[in-house]
Each structure stands twice: as structure tokens, then as C-alpha cells.
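Let me begin by presenting the structure, written as C-alpha cells, before commenting on it.
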Protein chains: 2
Amino acid sequence: MSIDRKKLPPRTVERLSKYRRLLSKYSHNEEHFIFSHDLARLLNLTSVQVRRDLMLIGVSGNHRKGYNVKKLITLISEIIDAESGHNLAIVGMGNLGRAVTAFIRKNETKMNLVAGFDIDSNKTDKEIAGVPCHHISSMAEKIRELEIDIAVLTISPDAVLDVVKLLVETGIRGLLNFTSVHLDVPEHVYLKNYDIITSLEEIGFFIKEPL
Amino acid sequence: MSIDRKKLPPRTVERLSKYRRLLSKYSHNEEHFIFSHDLARLLNLTSVQVRRDLMLIGVSGNHRKGYNVKKLITLISEIIDAESGHNLAIVGMGNLGRAVTAFIRKNETKMNLVAGFDIDSNKTDKEIAGVPCHHISSMAEKIRELEIDIAVLTISPDAVLDVVKLLVETGIRGLLNFTSVHLDVPEHVYLKNYDIITSLEEIGFFIKEPL
């Protein structure tokens, strides 16, 4: 492949991941081909968008048959997955942390969820939702030992700035932030924020006018 | 305002909501103006993007002073918020549902979280995380009674299709789907999906190459 992976836009990568998740549900089906407009419809996108994304990774569909599902899954995997899979940690094992843990463990992904961290000693030194939970005081040590490179922040907003400082010093390279606190991280750390309030406000906006 | 609200792109609305959330943290500050590049930096966007979004709602900053923070908050609110605020329900009061409930209640928003629903009678007919939780069998009735128009789906994937069918029949107009199950909804229902796996895969992709 002569694709410059670094040049793929984040939104395209996000959609490639969605295509793969959807396609993997269809790959056991007898129908081994799918059209861009079907993929688009199933994901609430336009078929132009789907074709553009797939062109970016060097794939064009067959006009009569569409895209070969298995080939497409393989190709997206080659592009998206790290060779060995990334090691993840959940920082904050409250309701949200446990829900995220359960969700990741239930879903197929190459990523390895290897640890949880919490400040509450009632939760530490045991398995929570199937993952070993350590006290946050041993976080730096465990991150190096377990080669964790991505952390999911489901911790209380008050604590998140100190925790992120430590994570960055320890060499974490990816963060998924659920706290709604603004984080300033060095350029080599890939930060993705998820804020449920903005999602709800977007929905509220688009349904504002009665039918 | 002569803005056609219907024509604002979803991503712009999402960012307007983010601008407002960030600005509201600064509005008590003596510094009542902010530059697009500061807003951009704080949200990991480009200043071109910020200026373009604000142009879409008819605002241009002062070259020397930037944007007036209070005016900007007021204007974004006029555009984004429904007059009375929307009524929300959480469907599925497990770990994720409770985390989402706590999060919404802690954060400032015009939306009113008025009910939770669950199938487990240990959770129903009482308050959970500060919100009355009803049995899912009374969902249609309660949605009409409480004029709920947005539902957050934090229910088990097995149950979600039946639940959504019922919600749509009952007149729900907005859905935030955390289940990772693909939903087919009528055009008048605004659906937003959040899938943590795609967020993690995006992060994993962009940190793939070692520094």
C-alpha cells in the first residue's frame, strides 16, 4: 500500500472503524458484497462520503457488485490496527469506568484492556468488571510495566488535571477524556474528548422545531 | 437574526455547544473578550474553523479585542436552546445509565432530565442518582405524561431494538445511542450514535507510529 496513513483525517479513521464494525456483522452472511449506498444508509452517511473514505485507502468498488466485504475488512484492519494491539487502562472505576470496561470487554477490538486505576482502596487490588484494579499511587509504575499507551479518563473532574500530568510524564500517548474538563497536552499525545452535554445539545437543536 | 438555523451543519452545532461550555467558564473573568485563536487552542481546533462557525451565526470578532464573551454566550444560547428546554429520559439505569444521569445533573444545561427507565424492578419506583426511575412497561405512558422528547439509550444491546420501536411509536424525536447497535429510525427522529470502540481505534491509529 502506498497510502500515507498519517494523512488520513481523524473523521475518516473514525468512519473506517465504523465501517469495519458494521461489515464484521455481515461477513458471515452469504452476501459477500456491499454497495456504498447500503453502507451509507446503515451508518446514516452519504454514499459520496463512503466512497471518498474508501478511495483514500485505495479501494474502489465494483460498479455492479459493490465492495467485497472480507477484503474490505482485511484492508481496513491493516490500516487501522497496530501490529500488536494497544494496551489500555481505565482511570477511575466508578459507574462510568465500570460501564466502559464492560463495554470494551464485550466488543471485539484488537486493544487490550489491561488495568483499571482508582483512588478508593475498596476498589483496588482486585478485579473489577473483569480487569485488575490498582491504586492510583502505583499508576506510573504499572503503566511502564504493562506498556500501557492509551488511558480512558473516567475519573472525577477535580482529580483529572493531576492525573493527566502524571500520565503524560509516564509516557502515555493517547487519551480518551470523558470528564468535560479542558486538557492541555503536548503535541505527541493524541487527545479525544467526549462530552455528552454537547451531544445532547446537538440533538436538542435539530429537533427544536415541531414538525 | 436572519440565520437559517436548519442549515447549520451538525458539527457546527456541536462546536457551538462546546464554545458556550468553555466560554461560560470564562465569563466571570475580568477578561471579557476572547480571540478565535485562544478559543481554537483551548478546544484543539483551528482558528479558521472557529471563525467560520461564528460567521455562520452572524458574528465577527473585533480585530484588536476578539469576541465579547457574554454576547457570544447569549447569542449561542438563543440559537441552540429550545425556549423551554427539552425533557430527557435515560433508558437503562445500569452503570452507564447512572453515570450519564450523574453527569447531566452535575453539568449546566437547559435540558431537564425527568425520568429513568429500567426493566429491573429493584431499580424502579424510586429515585436513582436523583431521578425517578420507572419500570419500562410504563415507558410509553410516562413519556407522554412528562412530555419527554429525547431518550438516551444505555440499555442492553439485546433489548434496544424493541425499546426504540416503542419510543418512536410514542413520539420521541431525539435519540442518543450508546449501545453500538445499528438503529434504523424514521427521518423525523434525530439519531446520534456514540461508540467508544471507534473513538479508541481512532486514538490507536494516530499513535501507531512510535515517535
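The values are calculated or read from the model by the stated rules, or taken from the named source; none is laboratory data. All of these numbers come straight from a predicted model, not from anything done at the bench. Positions of Cβ are backbone-derived with ideal geometry, glycine not excepted, and every protein chain shown enters the neighbour counts.
Checking the structure you have, find out if any residue of region A:84-92 is at pLDDT below 90, surrounded by fewer than 17 Cβ atoms within 10 Å (Cβ to Cβ) and within 30 Å of A:His135 (Cα to Cα). Among the residues of region A:84-92, at least one is at pLDDT below 90, surrounded by fewer than 17 Cβ atoms within 10 Å (Cβ to Cβ) and within 30 Å of A:His135 (Cα to Cα), which makes the answer yes.
The set of residues from region B:59-72 being aliphatic (A, V, I, L, M) and surrounded by 18 or more Cβ atoms within 10 Å (Cβ to Cβ) comprises B:Val69, B:Leu72. Residues that are assigned to a loop (DSSP other than H, G, I, E, B) and within 15 Å of A:Leu176 (Cα to Cα) were ranked within region A:73-99; the one that is nearest to the other protein chains (Cβ to nearest Cβ) is A:His86.
The residue list A:Ala102, A:Ala140, A:Ala159 contains one member that is within 10 Å of another protein chain (Cβ to nearest Cβ) and assigned to a helix (DSSP H, G or I), which is A:Ala102. Within region A:105-131, the set of residues being among the small types (Gly, Ala, Ser) and part of a strand (DSSP E or B) comprises A:Ala115, A:Gly116. Note on region A:105-134: among residues that are among the polar types (S, T, N, Q) and more than 10 Å from chain B (Cβ to nearest Cβ), the one that is farthest from B:Ala99 (Cα to Cα) is A:Asn112. Taking region A:76-100 as the range and being touching a residue at least 60 places away in the same chain (Cβ under 8 Å) and closer than 21 Å to A:Met55 by Cα as the test, the residues that pass are A:Ile76, A:Glu78, A:Ile79, A:Ile80. Applying the condition of being farther than 21 Å from B:Val181 by Cα and of a type in the set (A, V, I, L, M, F, W, C) to region A:1-32 and asking which residue is modelled with the lowest pLDDT yields A:Met1.
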